[in-house]
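Q: Below is one structure. I have some questions about it.
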Amino acid sequence: MKYIRFELAGFVVFEEGQKHSDIVKKFPNDKVISAGFVNLMIDKDQVQCHGESQSLNSRPDKEDDMWLWRRLIYA
């Protein structure tokens, strides 16, 4: 899976077949905070953000794992 963390919209998680830059176009008035890939390991209560978005020239923030996990369990 891929993800983008926006300033206003928060986390958007999507399939690897889509480009980060295509998803950003759907949020024209928002700012990208970070982006990359995500492994969701629900059975281990863990989220791992890694890699980078080449199309956005953005990498995961060091706290993305924690914030995305909290968003998922408190959604």
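Q: What lysines could a cross-link reach from LYS25, if we take a straight Cα to Cα line under 18 Å and drop same-chain neighbours fewer than 8 places away?
A: LYS2
Q: When the Kirkwood hydrodynamic radius is evaluated over all pairs of different C-alpha atoms of the stretch 2-73, what value in angstrom, to one decimal, is obtained?
A: Details: mean 1/r = 0.0823 Å⁻¹.
Over the stretch 2-73, the inverse of the mean reciprocal pair distance is 12.1 Å.
Q: Nearest 500 deg cm²/dmol is fine: what mean residue ellipticity at 222 nm does the chain get from its DSSP H runs of n ≥ 4 alone, each adding -39,500 (n - 2.57), divided by its residue count? Each step should come with its number before you reach the end.
A: On the way: 2 runs with 15 residues, N = 75.
Computed ellipticity for the chain at 222 nm equals -5000 deg cm²/dmol.
Q: Still on this model: Can you tell me, using C-alpha contacts under 8 Å and at least 6 residues apart, the relative contact order of the stretch 2-73 as a whole percent? Numbers along the way, then the final one.
A: Numbers: 109 pairs, mean separation 19.4, N = 72.
Over the stretch 2-73, the number comes to 27 percent.
Q: Still on this structure, please answer the following. Would you mind getting me the FRET efficiency between ASP45 and GLU15? Use the beta-carbon distance for r and R0 = 35 Å, nearest 0.05.
A: Here the calculated transfer efficiency is 0.90.
Q: Hey, what angle do you get for helix 64-73 against the long axis of the chain, alpha-carbon based, 0 to 90 degrees rounded to 10?
A: Rounded to the nearest ten degrees, it is 70.
We did not get these values from a lab; they are worked out from the coordinates using the rules stated. Predicted, not measured: the structure shown is a model, and the values here were computed from it. With ideal geometry, Cβ positions are generated from the backbone for all residues, glycine too; neighbour counts draw on all protein chains shown.
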